[in-house]
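Engineer: Please read through the structure below; I'll follow up with questions.
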Amino acid sequence: MLYHLYELNHAVVRPFRAMAKLNANWLSMPFNPASYSMPGRFSAAASNFFLSVTRRYGKPEWGIEQTTINGYPVGIEQEVVWEEDFCRLLHFKRRQEDMLCAHGGQRYDPRVLIVAPLSGHYATLLRGTVEAMLPEHEVYVTDWQDARNVPVAQGRFDLNDYIDYVDSMIRQLGPRAHVIGICQPGPPVLAAISLMAETDDPARPATMTFMGSPIDTRRSPTVPNELAKKRSHAWFEQNMIYTVPWPNPGVMRRVYPGFLQLSGFITMNQGLHIDAHKDYFDHLVKGDCDSIQKHREFYNEYLAVLDLTEEFYLQTIREVFQEHHLPRGMFYHRGRLVRPEAISDVALMTVEGENDDIAGIGQTQAAHDLCCNIPEQKRFDYVQPGVGHYGVFNGRRFRSEIQPRIRDFIRSNFDWKKEADYRGGS
């Protein structure tokens, strides 16, 4: 019923949005004398503010068309190299002719699979991560689909399917690739690689990096972790799961709605968001275009959310956040026990943020305890001072301090000759 009310609310405000847009446009015209008066500017600001807070934010564009290598501009072509009902794998392909100019010859950079979180926001939240990696890596990113847009006839999608998807995408990249799991993907990515290692699968990656991931949420539990433990599994099923209404393509699918996840995000930092919107209104009145643009760019991404399937959400709550199956050695994938100790030749890096209020200190580092048979020289742990959860994978400190360490870690486990042999023969 809540989802239907959500849709009804958007339908009810639609005519008011149309009037607000008309008013804002009229008061922004340079030949309109009212646009130069304080009442006119205040009215235009109020209309634009109303449009902003009542808008439904769709999936953002990646907008990555170019990178720079050795001072030369290199064009980026986005291509889909693998696709299933609930995800597609994007390759940010650097134009070969530009690469030849920038590098002066053939160059085989490490193939990197960035597994984006499926936890409410779109993969475009990692735009900054991708941009930072592009100059020195062949970058692939998981682009998860909004469950409300997947017809019920396409079937279910749970945590086991997620692991299968990760396995398939690693194989798509080929052997000795490098996998980065950011936030939520930590446990399923570790599970997929553990299963590959146990069978000595030749497609297993050369490295795995986990960033702000809930490998073991019993360590330094945060507010979201405590909430997951405080409520019963039945409570989540009864209060967080709703049916997708018409006219969405996924009508009748049971989901954890993105707008509920977003309300949780906002509640955690409610004061900051209120202050940000107060400042936004002041900037609208003053006509401070730079500040207005920065606000819109952030919230266009932050307020764009997707739905998760019921089975994926509830299984993740139970096995990762409530019962801690992976660190307790009781995580099963389709009848097979997941054994991280089977990993011995895949290098491991963990990254945490000092002020992370989503995945506390130690939760990601737990991967080192689970992967006890990886040699010490193939391990690296880093805690970034002064950053929260978002700063672990984006922002100035990520670009200047975290990404260079990830690059060096990957390069220290990268065989250029083998890469050239594989890529040249593929």
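Engineer: Inside region 278-300, can you point out the residues that are under 24 Å from the mean Cα position of the chain (by Cα) and modelled with pLDDT under 70? If you could, list the steps in order and put the result at the bottom.
Structural biologist: Within region 278-300, the subset under 24 Å from the mean Cα position of the chain (by Cα) is 293-300.
HIS295, ARG296, GLU297, PHE298, TYR299, ASN300, listed by residue number.
Engineer: Mind counting the residues in region 221-241 that are free of Cβ contacts under 8 Å to residues at least 40 places away in the same chain, under 23 Å from ASP356 (Cβ atoms) and among the small types (Gly, Ala, Ser)? Steps first, please.
Structural biologist: Filtering region 221-241 down to residues free of Cβ contacts under 8 Å to residues at least 40 places away in the same chain leaves 226-227, 230-232, 234-235, 238-239.
Next, from what is left, pick out any that are under 23 Å from ASP356 (Cβ atoms): 226-227, 230-231.
Now restrict to residues that are among the small types (Gly, Ala, Ser): none.
Looking only at that region, the number is 0.
Engineer: Of the conditions (1) modelled with pLDDT of 95 or more; (2) of a type outside the set (Ser, Thr, Tyr); (3) surrounded by fewer than 24 Cβ atoms within 10 Å (Cβ to Cβ), ALA228 clears all except one; give me its number.
Structural biologist: Here ALA228 clears every test but (1).
Engineer: Report, ordered by the first and then the second residue, all pairs with beta carbons closer than 7 Å, sequence separation of six or more or different chains, a first member in region 366-382 that is over 13 Å from THR209 (Cβ atoms) and assigned to a loop (DSSP other than H, G, I, E, B), and a second member that is modelled with pLDDT under 95 and of a type in the set (D, E, K, R).
Structural biologist: Final answer for the pair search is none.
Engineer: What's the total number of residues in region 151-168 that are part of a loop (DSSP other than H, G, I, E, B) and of a type in the set (D, E, K, R)? Talk me through it step by step, then tell me what you get.
Structural biologist: Of the residues in region 151-168, the ones part of a loop (DSSP other than H, G, I, E, B) are 151, 155-158.
From the residues that got through so far, the ones that are of a type in the set (D, E, K, R) too are 156, 158.
Count: 2.
Engineer: Only one of ARG171, ARG148, ARG219 is in contact with a helix residue (DSSP H, G or I) (Cβ under 7 Å, 6 or more places away or on another chain) and either not in a helix (DSSP H, G or I) or not β-branched (Val, Ile, Thr) (or both). Can you tell me which? Step through it out loud before you land on a result.
Structural biologist: Details: ARG171 fails: in contact with a helix residue (DSSP H, G or I) (Cβ under 7 Å, 6 or more places away or on another chain); ARG148 fails: in contact with a helix residue (DSSP H, G or I) (Cβ under 7 Å, 6 or more places away or on another chain).
Matching residue, one of ARG171, ARG148, ARG219: ARG219.
Engineer: Among all residue pairs at least 6 apart or on different chains, which show Cβ distances below 7 Å where the first residue, located in region 73-86, is closer than 23 Å to HIS103 by Cα and the second is assigned to a strand (DSSP E or B) and of a type in the set (A, V, I, L, M, F, W, C)?
Structural biologist: ILE76/PHE92; GLN78/LEU90; GLN78/PHE92
Engineer: Could you tell me which numbered condition LEU227 fails, if it satisfies all but one of (1) closer than 17 Å to GLY181 by Cβ; (2) assigned to a helix (DSSP H, G or I); (3) not aromatic (Phe, Trp, Tyr)?
Structural biologist: Here LEU227 meets the rest and fails (1).
Engineer: Test GLY360 against the criterion of being free of Cβ contacts under 8 Å to residues at least 60 places away in the same chain, surrounded by 15 or more Cβ atoms within 10 Å (Cβ to Cβ) and not aromatic (Phe, Trp, Tyr), and give yes or no.
Structural biologist: Against the criterion (free of Cβ contacts under 8 Å to residues at least 60 places away in the same chain, surrounded by 15 or more Cβ atoms within 10 Å (Cβ to Cβ) and not aromatic (Phe, Trp, Tyr)), GLY360 does not qualify.
Engineer: What number of residues within region 78-106 satisfy the criterion of being surrounded by fewer than 17 Cβ atoms within 10 Å (Cβ to Cβ), more than 30 Å from LEU308 (Cα to Cα) and of a type in the set (D, E, K, R)?
Structural biologist: Residues flagged as surrounded by fewer than 17 Cβ atoms within 10 Å (Cβ to Cβ), more than 30 Å from LEU308 (Cα to Cα) and of a type in the set (D, E, K, R) within region 78-106 amount to 2.
The values are calculated or read from the model by the stated rules, or taken from the named source; none is laboratory data. Quick caveat: nothing in here was measured; it's all calculated off a predicted structure. Neighbour counts run over all protein chains shown; Cβ positions are idealised from the backbone, glycine included.
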